[in-house]
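Written out below as structure tokens is the structure these notes cover.
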Amino acid sequence: MDSIIIQGNGPVSGEIPISGAKNAALTLMPAALLTDEPVTLTNVPRLSDIKTTNELLQSLGTKISMKDDGQSITLTTPEITNHLAHYDIVRKMRASILVLGPIIARHGIAAVSLPGGCAIGARPVDIHLKGLEALGVNLDLIDGYVHAKAPKGLKGTTYELPFASVGATENLLMAATLAKGTTVLKNVAREPEIVDLAVLLRSMGANISGDGSTEIIIEGVETLHGTTHKVVTDRIELGTYMMAPLIAGGEIELLGGKRQILESFCQKLEEAGAQITETTRGLIVARKNANIHAVNVTTEPFPGFPTDLQAQMMALLCTAEGTSVLNETIFENRFMHAPELVRMGANIDVQGGTAIVTGIKELRGAPVMATDLRASVSLILAGLAAKGETRVARVYHLDRGYEKVVSKFRSIGANIERIKE
């Protein structure tokens with residue numbers, strides 16, 4: 001099993017190109033099930049989750065070809081040859097549940113295993129299922145599989161999500177494109193990845209309006225067609241690398257970065273003492289003053305502070321001046337990185353969904369263990385600021401969400417290597 005070793009060695013400088021968004025690509029790929037024509041996605045990140053999704057789609061009848069070293073993927077599904085999304089594939093990744101809406105919309109029958117993924121919370125799929133029932137789908141849960149039937153097709157409806165779930169919004173949006181009549185989805189998620197999905201679906205012939213707001217209206221169409229679409233910038237990767245010069249010192253430019261997809265996050269970093277400058281190529285990030293100041297953070301659905309950047313923010317605040325309070329409102333188990341940061345000397349007190357971080361002068365390198373995708377990279381960031389060697393174990397989580405993470409950190413001067421143990 002691989003580990004990553006980081007030697008804290010002072011300020012960083014240089015530039016990092018930001019990849020296409022993992023969370024967008026994992027939604028755009030299942031959308032190809034909605035048509036029998038080719039759908040080509042460009043700017044696709046090269047990650048293990050993408051490989052898992054390819055494997056899942058191929059098991060359902062999708063033919064896949066790649067160009068540009070995997071950054072361009074063409075998905076063609078002449079017909080759905082298998083309506084079963086098997087546990088052996090789905091267990092690897094929670095986003096696998098996103099094939100349910102497209103399969104049932106086009107094929108009328110589906111059986112999808114309940115998904116797996118990072119152990120950061122229950123993340124139930126009940127909102128997905130209740131929304132599909134509102135569209136006329138008959139559902140049964142048998143032996144860990146969701147069995148769905150809609151032999152007469154889906155019917156437009158009005159459905160209000162009890163929580164602005166990103167995954168449920170995406171699943172229902174895709175399903176409703178082929179429903180008969182008008183579907184109104186209320187209290188939907190507003191993330192840029194959902195807007196990106198709507199842009200793709202419109203280019204495939206769907207009739208969608210309201211994406212980016214809390215209400216999306218879909219006028220069902222009989223068929224969708226193929227298209228070519230560029231995956232949106234990964235805002236979580238962008239936010240992660242923005243932390244590097246704030247933790248270690250220095251200044252870097254993030255190529256392709258856009259402030260508008262991370263406005264709340266940028267405001268919080270500036271409150272802490274960051275200087276963020278927009279350029280024609282992306283964002284330049286540096287410390288405004290010698291030290292970072294404590295700030296309070298509450299995770300919220302977009303456009304609020306992203307839960308996927310909470311672990312990285314905690315790493316930054318470990319050496320900030322003063323005491324910070326982080327409230328996690330999205331996932332109940334998302335402070336599993338805190339004990340690992342404490343091993344590095346951090347002063348963190350976790351009380352339920354709240355973490356109180358009292359800044360210290362300096363972190364110390366230590367052997368630590370990654371517990372999930374975002375926790376993995378938070379420990380690397382902490383290692384940049386630590387005195388001595390930090391060894392992060394179980395870094396296979398990183399391969400799910402960060403493309404070429406070691407080489408990108410190296411490109412800005414970090415002393416980091418990946419080793420096999």
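Coordinate-derived values only; no laboratory data. Since we're looking at a predicted model, the values are computed, not measured. Cβ sites come from the backbone with ideal geometry, for glycine too, and all protein chains shown count toward neighbours.
If I fit a long axis through the Cα atoms of helix 22-31 and take the longest principal axis of the Cα atoms of the chain, what angle between them do I get, 0 to 90°, rounded to 10?
For helix 22-31, the angle is close to 10 degrees.
How big is the antiparallel share of DSSP beta bridges in the chain, given as a percent to the nearest 5?
Once the DSSP bridges in the chain are tallied, antiparallel ones form about 70 percent.
Where the centroid of each part is defined by its Cα atoms, how far is the range 360-375 from the range 260-325 in Å?
After rounding, the separation between the Cα centres reads 19 Å.
Could you give the spread of the C-alpha atoms of the chain along their three principal axes, from largest to smallest, in whole angstroms?
65, 44, 42
When Thr42, Thr169 are ordered from fewest to most other Cβ atoms inside 10 Å of their Cβ, what list results?
Neighbour counts put them in this order, fewest first: Thr42, Thr169.
To the nearest 10 degrees, how steeply does helix 48-60 sit against the main Cα axis of the chain, on a 0 to 90 scale?
The angle comes out near 10 degrees.
Kirkwood hydrodynamic radius (Cα pairs, Å) of the range 25-230?
By the Kirkwood definition, the hydrodynamic radius is 16.5 Å.
Could you tell me the relative contact order of the range 259-361? Use alpha-carbon pairs under 8 Å, at least six residues apart, and round to a whole percent.
23 percent
Suppose a student asked you for the relative contact order of the chain, using Cα pairs under 8 Å spaced at least 6 residues apart; what percent would you report?
Here the relative contact order equals 21 percent.
DSSP loop trypsin sites (Lys or Arg not before Pro) in the range 117-212 with at most 10 other Cβ atoms within 10 Å of their Cβ, which ones?
Those that pass, being in a loop and sparsely packed, are Lys152.
Counting only other residues whose beta carbon sits under 10 Å from that of Thr76, what net charge do I get with K and R as +1, D and E as -1?
Here the count lands on -1.
Got a sec? Charge dipole of the range 25-230, +1 on Cβ for Lys and Arg, -1 for Asp and Glu; which of Val146, Asn43, Phe163 is way out at the positive end?
Val146
Give me the Kirkwood hydrodynamic radius of the range 180-300, using the inverse of the mean 1/r over all pairs of distinct Cα atoms, in Å to one decimal.
16.7 Å
Quick one: helix 263-272 against the long Cα principal axis of the chain, what's the angle to the nearest 10°, folded into 0 to 90?
10 degrees
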